[in-house]
1. List residues of segment 1-42, by number, whose backbone nitrogen lies under 14 Å from a label position 7 Å along Cα→C-beta of residue 64.
2. Once you list every other residue whose beta carbon is under 14 Å from the beta carbon of residue 32, what net charge do they have if Lys and Arg are +1 and Asp and Glu are -1?
3. Helix 76-86 versus the longest principal axis of the chain: what is the Cα-based angle in degrees, 0 to 90, to the nearest 10?
4. Where is the GNM fluctuation largest for the chain (alpha-carbon springs, 10 angstrom cutoff): 21, 38, 46?
5. Out of residues 5 or more away from residue 69 or on other chains, whose amide H comes under 5 Å of its own, with H placed 1.01 Å from N in the peptide plane?
6. Compute the signed sum of charges (Lys and Arg +1, Asp and Glu -1) over the other residues within less than 11 Å, Cβ to Cβ, of residue 86.
Amino acid sequence: MENLKVLVTKQNLILVTEIIEVESELGEPDCKLINPCELFKNTEGEYEMKIWPDFTDQKELKIHSDSIFTIVDPSADQIELYLKTIK
């Protein structure tokens, strides 16, 4: 999963997802997210992950790259949690 990344959006949402840059018309979304999951801390302060967004079964979505604050590589723990979450 070489395209697996952790995205922090400008709305402070943390997503673990495969991300691919796509060709698009000016003003159209230019990133495709595959199997995005939200990373968050539970009430005990431990990290959990859930499918994002939770109101659809759609596995691929497009977003604008200007909605992303930063992109980093996931840790081994995040990768393991991600793989358990998307199964």
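Where a number appears in this text, it was derived from the coordinates with a stated rule and is not lab data. A quick note: this is a predicted structure, and the numbers were derived from the prediction, not measured. Using ideal geometry, Cβ is built from the backbone for each residue, glycine included, and neighbour counts are taken over all protein chains shown.
1. 10-11, 25-31
2. My count for the surroundings of residue 32 gives -3.
3. It works out to around 80 degrees.
4. 46
5. It is 8, 9, 10, by chain and number.
6. Combined, the nearby Lys, Arg, Asp and Glu give +3.
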